[in-house]
Amino acid sequence: MSQIPGTLPPGVPPDRSSEDGARMRRAYIQVLILNVLIIAALWAFSRHFGN
Amino acid sequence: VHIIDWLIVAGYLTWVVVDGLRRTKAAHEIEGYFLANRSLPWWAVGLSVMATQLSAITLVGTTGQAYDDGMRFLQFYFGLPLAMIVLSLTLVPFFHRAKVFTAYEYLEKRFDARTRALSSLVFLIYRGLSCGVVISAPSIILSIVLGWDLRLTVLAIGVPTTLYTMFGGVQAVTWADVKQMGVIVFGVCAAVFFLILGLPDYIGISEALHIAGATGRLNTIDFRFDLTEPYTFWSGLIGGMFLALGYFGCDQSQVQRYLTAKSIDEGRQSLMMSAYWKIPLQALILLTGVLVFVFFLYNQPPMLFNPVHDARLRASDRAVEYAALEDEFVRAFERRRGAAEALAGVRQEGGIIVDAERAFLESNAAVAAVRGRAAGLVKEVTGDARYSDVNYVFPTFVTTHLPIGLVGLIIAAIFAAVMSSVSSELNSLSTATVIDFYRRHLNTTATGRHYLLVSKLATAAWGLIASLFALHAANLGALIVVVNLIGSYFYGSLLGVFVLAVATRATAAGAFWGLIGGVTTVATVARATNLAFLWYNVVGVIAVVTIGMTVTAVTGRSPRIAGPPL
């Protein structure tokens, strides 16, 4: 039996522990927003104090 | 360094080793020894991931870099949060569900044994050598600054780290990393606090930052799209993301951290910790270097921060010339201090700062010029064309200006930074050696007890190899450059193989030749162009995927049967 790319190798059981992905999706969005804000703050910091 | 500081360092080393050895009982079979039975909480794994990445080279080297050049190195990390999200969505669930010990084990399930063996071998060579560099670079600095024998410094780092990693396995590594991360963050915060306290009464933190900013040291973001510039927003975001994907997704020293997590989601959360905190933490470390620069505007620094070169020049036949340069340096420093005070005064009074700022920048350039001439003298006398003393700036500041107790704490933090990286690396080197080679090819039917014994011996052997390499690395400058170059060639190409594995229908032959072609392509590009090194990772991925898919198309798609059970 061949393995379809992007899927599990044969014989490996699927994991049921992360069915609730909503919490992780929220975390990803928070990470993106936070880091955009951090980079924006660094840019403002550079503009204010830098030359 | 006061006896109390030494007691703090000794106390730290004893604490880490004793606690690590206590974990021995939790590692009585191979799954516990290498993966902690996949039982660790996300926050401990997350701190271990961060501690492994933050080596002493980062702590000491980047503060020196910020002192010398400013904070633009921070852009190197801009792609890291994106990489963590991509890995959480892709490789983390793949590795966890496949129940593998090593990232390369997954490549055999997807491709074949030779692709796994080649990837694991590349990892062992690169990580084994770089582990030696991770020990040697801070050992050389500490031995010079503290006046220790280099062998003693290497032993003080190598022996305790090997001991607790060997006996306690990944449990000891992870829980030691948690403590070490605490020591590092506390040490850096204490240094920043003292640096701010150490400013003259008439200089506030805002003035200090404005003065540093006038020299360009706070220019953190550079939006120019210049492929030859090492640190820009774009190289950090794109090249840095590919580097982080390769490092956290394909380097066993990091993959093994999140394989110990209780579940897929806990593994993901552990990576999210770096996604949240890496840029702010690195900004704090770089800001420390900038504040050391401001501190030395008002407190005279040595002309050369490396005391060995300073002593060598004093004893050389160029001593008179060197002494004259020192006099010139003192005058230039006094002039710069006056100009910095004048600039702060004009700013506080709300006056026009243009003239005062120009005078300060001219005086700062004069100090840099004298230092440059002194460095030129070092190069002529020692024959070391690559001489630079930026790595000695922070340790010199710590040992000469911080109060008793804090010196010991920060030396302990530097030790913690080395040990937290080295322990994870030794643990992963042992895992790849035993799982990918010994158990896979040499002795496939032994008992769990036997594999555990071999794993401990492999950890000890890698600790010995890394320490021996570190002892000789002082004389192997060119080799260190080669090790770093191998890393640049390696990550993008290995990442390309994993991209082939999870996102394409490439065959085993495609993956194998793609990996070899990728490393060769990156090496060629590095030799033939001025491309900044962060872009090598992008080139590596593109080359491996292109070559891998071409080989697949030419040789025909042959569905892969899963390898033997592991």
Discussion item. Out of the helices (runs of 4 or more DSSP H) lying entirely within the range B:1-90, which hold 1 or more residues that are under 30 Å from B:V292 (Cα atoms) and aliphatic (A, V, I, L, M)?
Written reply: B:3-22, B:42-53, B:62-69, B:80-89
Worksheet entry | Test for B:D226: is it touching a Ser or Thr at 6+ places or on another chain (Cβ under 7 Å) and closer than 26 Å to B:R38 by Cα | no
Discussion item. When you check B:F123 against the structure, is it part of a helix (DSSP H, G or I) and either surrounded by fewer than 22 Cβ atoms within 10 Å (Cβ to Cβ) or under 21 Å from the mean Cα position of the chain (by Cα) (or both), yes or no?
Written reply: yes
Worksheet entry | Odd one out for B:L7 among (1) in contact with an Asp or Glu (Cβ under 9 Å, 6 or more places away or on another chain); (2) touching a residue at least 12 places away in the same chain (Cβ under 8 Å); (3) of a type outside the set (D, E, K, R) | (1)
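Given the criterion over 15 Å from B:V183 (Cα atoms) and in contact with a strand residue (DSSP E or B) (Cβ under 8 Å, 6 or more places away or on another chain), identify the matching residue among B:R38, B:R23. Give the derivation first.
Numbers: B:R23 fails: in contact with a strand residue (DSSP E or B) (Cβ under 8 Å, 6 or more places away or on another chain).
None of the other options fit; the residue is B:R38.
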Fill in: Pairs where the first residue, in the range B:355-380, is free of Cβ contacts under 8 Å to residues at least 24 places away in the same chain and the second is in a helix (DSSP H, G or I), C-beta under 7 Å, 6+ apart
B:A356/B:A342; B:A356/B:L343; B:A356/B:V346; B:A359/B:A339; B:A359/B:A342
Worksheet item: Given the residues B:T62, B:T24, which is the only one that is surrounded by fewer than 20 Cβ atoms within 10 Å (Cβ to Cβ) and among the hydroxyl-bearing types (S, T, Y)?
Response: B:T24
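Pick from B:D177, B:D149: which is surrounded by fewer than 19 Cβ atoms within 10 Å (Cβ to Cβ) and touching a helix residue (DSSP H, G or I) at 6+ places or on another chain (Cβ under 7 Å)?
Of B:D177, B:D149, the one residue that is surrounded by fewer than 19 Cβ atoms within 10 Å (Cβ to Cβ) and touching a helix residue (DSSP H, G or I) at 6+ places or on another chain (Cβ under 7 Å) is B:D149.
Report yes if B:S139 is open to solvent by less than 30 Å² (accessible area, probe 1.4 Å), within 25 Å of B:S48 (Cα to Cα), among the hydroxyl-bearing types (S, T, Y) and more than 14 Å from chain A (Cβ to nearest Cβ), otherwise no.
Against the criterion (open to solvent by less than 30 Å² (accessible area, probe 1.4 Å), within 25 Å of B:S48 (Cα to Cα), among the hydroxyl-bearing types (S, T, Y) and more than 14 Å from chain A (Cβ to nearest Cβ)), B:S139 qualifies.
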Discussion item. Quick check on this structure: which one of B:I547, B:I480 is away from chain A (no Cβ under 14 Å), modelled with pLDDT of 95 or more, farther than 17 Å from B:Y247 by Cβ and in contact with a helix residue (DSSP H, G or I) (Cβ under 6 Å, 6 or more places away or on another chain)?
Written reply: B:I547
Item to complete: Identify the residue in the range B:505-514 that is within 12 Å of chain A (Cβ to nearest Cβ) and part of a helix (DSSP H, G or I) and, among all such residues, is surrounded by the most Cβ atoms within 10 Å (Cβ to Cβ).
Response: B:A511
Worksheet item: If you scan the range B:515-544, which residues turn out to be open to solvent by less than 40 Å² (accessible area, probe 1.4 Å) and over 25 Å from the mean Cα position of the chain (by Cα)?
Response: B:G517, B:A543, B:V544
Worksheet item: From the list B:A385, B:A417, B:A374, which one is within 25 Å of the chain's Cα centre (by Cα) and assigned to a helix (DSSP H, G or I)?
Response: B:A417
Worksheet entry | Whichever residue in the range B:1-26 is over 27 Å from the mean Cα position of the chain (by Cα) and over 30 Å from B:H401 (Cβ atoms) and, among such residues, is modelled with the highest pLDDT | B:R22
Worksheet item: Condition test on B:V502, is it within 14 Å of another protein chain (Cβ to nearest Cβ) and modelled with pLDDT under 95?
Response: yes
Worksheet entry | Where B:L197 falls short, out of the listed (1) touching a residue at least 60 places away in the same chain (Cβ under 8 Å); (2) within 24 Å of B:F394 (Cα to Cα) | (1)
Item to complete: Look at B:L494 and say whether it is modelled with pLDDT of 90 or more, under 15 Å from B:Y126 (Cα atoms) and surrounded by 20 or more Cβ atoms within 10 Å (Cβ to Cβ).
Response: yes
Response to the item:
Scanning the range B:426-444 residue by residue, those assigned to a helix (DSSP H, G or I) and open to solvent by 10 Å² or more (accessible area, probe 1.4 Å) turn out to be B:T433, B:F437, B:Y438, B:R439, B:R440, B:H441, B:L442
Practice prompt. Pull up the range B:334-384, narrow it to residues that are among the acidic types (D, E) and crowded, with 17+ Cβ neighbours inside 10 Å, then point me to the one that is farthest from B:R312 (Cα to Cα).
Written response: B:E357
Discussion item. Give all pairs with beta carbons closer than 6 Å in which a residue from the range B:18-41 that is among the β-branched types (V, I, T) meets a residue that is assigned to a helix (DSSP H, G or I) and surrounded by 17 or more Cβ atoms within 10 Å (Cβ to Cβ); count only pairs at least 6 apart in sequence or on separate chains.
Written reply: B:T24/B:F167; B:T24/B:G168; B:I30/B:Y451; B:I30/B:L452
Discussion item. When you scan the range B:31-39, do you find a residue that is surrounded by fewer than 21 Cβ atoms within 10 Å (Cβ to Cβ) and among the charged types (D, E, K, R), even just one?
Written reply: yes
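Per-residue answers, yes or no, for (1) assigned to a loop (DSSP other than H, G, I, E, B); (2) away from every other protein chain (no Cβ under 13 Å); (3) open to solvent by 10 Å² or more (accessible area, probe 1.4 Å); (4) aliphatic (A, V, I, L, M):
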site: B:T220; (1), (2), (3), (4): yes, no, no, no
site: B:R224; (1), (2), (3), (4): yes, yes, yes, no
site: B:L227; (1), (2), (3), (4): yes, yes, yes, yes
site: B:W234; (1), (2), (3), (4): no, no, yes, no
site: B:G239; (1), (2), (3), (4): no, yes, no, no
site: B:L245; (1), (2), (3), (4): no, yes, yes, yes
site: B:G249; (1), (2), (3), (4): no, yes, no, no
site: B:R257; (1), (2), (3), (4): no, yes, no, no
site: B:Q269; (1), (2), (3), (4): no, no, yes, no
Discussion item. Would you confirm whether or not the range B:297-320 contains a residue that is open to solvent by 40 Å² or more (accessible area, probe 1.4 Å) and of a type in the set (D, E)?
Written reply: yes
Item to complete: Name the one entry in B:L82, B:L107, B:L59 that is within 12 Å of chain A (Cβ to nearest Cβ), under 28 Å from B:L237 (Cα atoms) and either at pLDDT below 90 or touching a Phe, Trp or Tyr at 6+ places or on another chain (Cβ under 9 Å) (or both).
Response: B:L107
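The values are calculated or read from the model by the stated rules, or taken from the named source; none is laboratory data. As the structure is a prediction and not an experimental result, all values here were calculated from the model. Please note: Cβ atoms are built from the backbone with ideal geometry, for glycine as well, and neighbour counts cover all protein chains shown. All accessible areas refer to the heavy atoms of the entire protein, side chains included, with ligands and DNA or RNA removed. Shrake-Rupley method; radii C 1.70, N 1.55, O 1.52, S 1.80 Å.
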